[in-house]
Each structure stands twice: as C-alpha cells, then as structure tokens.
1. Quickly work out the Asp205-to-Asp75 label distance, labels modelled 7 Å from Cα along the C-beta direction, and quote it in nm with one decimal.
2. Using all C-alpha to C-alpha distances in the chain, build P(r) with 5 Å bins and read off the rounded percent in each one.
3. If you bin the C-alpha pair distances of the stretch 150-207 every 5 Å from 0, what whole percents do you get?
4. Can you give the calculated 222 nm mean residue ellipticity of the chain, where each DSSP H run of n ≥ 4 adds -39,500 (n - 2.57) and the sum is split over every residue, rounded to the nearest 500 deg cm²/dmol?
5. Based on the alpha carbon coordinates of the stretch 1-139, what radius of gyration and maximum Cα-Cα distance (Dmax) apply, in Å?
6. Please find the FRET efficiency linking Glu150 to Arg194, where r is the Cβ-Cβ separation and R0 is fixed at 30 Å, and quote it to the nearest 0.05.
7. Evaluate Rg over Rh across the stretch 72-213, taking Cα atoms for both radii and Kirkwood's formula for Rh.
8. Pick from Lys127, Lys37, Lys26 the residue whose mean-square fluctuation is largest in a GNM of the chain, springs joining Cα atoms under 10 Å.
Amino acid sequence: MQRTLARVGLGSRRTCELLISEGRVKVNGETATLGRKVDPDHDLVEVDGVALAVRPGLVCYLLNKPAGVVTTSSDPEGRATVIDLVPAEPRVFSVGRLDAATEGLLIVTNDGDLAQRISHPSYGVEKEYLAEVAGAPAPGALRRLRQGVELDDGTTAPARVGVVAPGVLRIVVHEGRNRLVRRMCEAVGHPVRRLARTRIGPISDPTLRPGSWRQLSLSEIRALEAAAGPKDQARRPRSANL
C-alpha cells in the first residue's frame, strides 16, 4: 500500500505510512491498513477523499489546441486532429471538446475516471475563456451572462464574467453544453469573433505555445482531482464543445 502511494508522488514511504496510520487513506471506500495489497487496475485509492490515479501506464497531457484543429481521433475531411499533436502511444482521447475554431487548453489522456470528473458538469470543474466579441457589451448584457442566459436547450447557469479590454471578456463556466460560450455571447447580441480556453480548473499555462503539449505533473493531476471533489458526485459523463 505505502509503496503504491509513494510511486504516485505522495512522498517518501515513511510519509505514506503516516498517511495510512492516520486513517487518511481509503481503498474502495474502506480505511486502508499498512501492508494492504492494492490492485492498480481495479482498486479505487483515495487520500483525504481525493481519488488517486495509481494504475500504471496512465498519461495526462496538457495541449494548447490551435484554431483549425478538430477535437476528434480522426476526421473524414482530413483535417488535423488533437490526437495528431501528441504521442501516438499510448492511445489517448480528449477530455471534452473544443470546436475547430476555438483555441486553447485541452486535456488529453487515457485515464477515463479522471476524464469523467473533469468533463461532467456535476463535478463543477471550472473552465475559463477569453472571448473577443463583436461590439462592446453594455452592463445589461454582462448582467444577463452573469445571471443566466435563455438558450434553446434551457437557461445557462450563472457565469463569472469580467471585461478585460473593450470587446474582450473573461468568462468562467462549469457546464458541458455544446458551443456554450459562443451561444451565450450570441444570445446577448455580441457574437464571438475569437475564443480561447485559458484555464481548466486549477490548470493554466500561458507559456504553452499553440500546437505544443506537455505532461501534467502529479501535483497538477491531484489538484484537478481535488477540484472535482468526491468521485461519486456524478454518474454519466457529458462532453463539452465550446
């Protein structure tokens, strides 16, 4: 048990033994004991209520998607995909979606549990965007965005919206509807001209160039898991195409 925790970066084996002794580690919902065997392929390991990715072979990339690249594994029209931009092995998939015209941060992984917890709106992981819009939104338009906008599939949840510059908004949402930010802005009379995702939960990286990727650190993965909260908070994943 303590060796598994040390391997995923929680600290030395002694530190991990203390975590177990203090009752802060659970395996499949039961408080762990020193020396307990763990099956990384099947067991759910949690520390202080936060699930850990302990299976070998898991990868998690942070990608800065350029405009024009599609968020699919393959494209019948022959366009470049986000999978073309990361290593071919192991096979991975994108967490949620960004439409072809949208730029910015995207997580690509083979960890299905983590993917569900990041993408499902029930977990409430924030996504932050910079939106260049037509015109200069008046206070009334900003208020509608903040309070909720009526769309054809229902009223949006309240968003955090700030004005960065004339015609440029910072918008923070946590829902998983298709093209949500674009539709919100269009609904208040200010269609998006350019859209970029700048943050996923606690993860941002202004130095990552378009088309580039890097592996998330263990501390970043744990921060994402903590931002998502308890693992059983949601049931069915739903992807976002914003």
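1. It is 2.2 nm.
2. For the chain, the binned pair fractions read 1, 6, 13, 16, 16, 14, 12, 9, 6, 4, 2, 1, 0 percent.
3. The distribution over the stretch 150-207 is 4, 15, 29, 27, 16, 7, 2, 0, given as percents.
4. Helix contribution divided over all residues of the chain: -6000 deg cm²/dmol.
5. 19.6, 63
6. After rounding, the FRET efficiency stands at 0.75.
7. Checking Rg against Rh, the ratio lands at 0.98.
8. So, out of Lys127, Lys37, Lys26, the one fluctuating most is Lys37.
Here, each number is a calculation from the coordinates, and none is a lab measurement. If you're wondering where the values come from, they're calculated on a predicted model, not measured in any experiment. Positions of Cβ are generated from backbone atoms using ideal geometry, with glycine treated the same way; all protein chains shown enter the neighbour counts.
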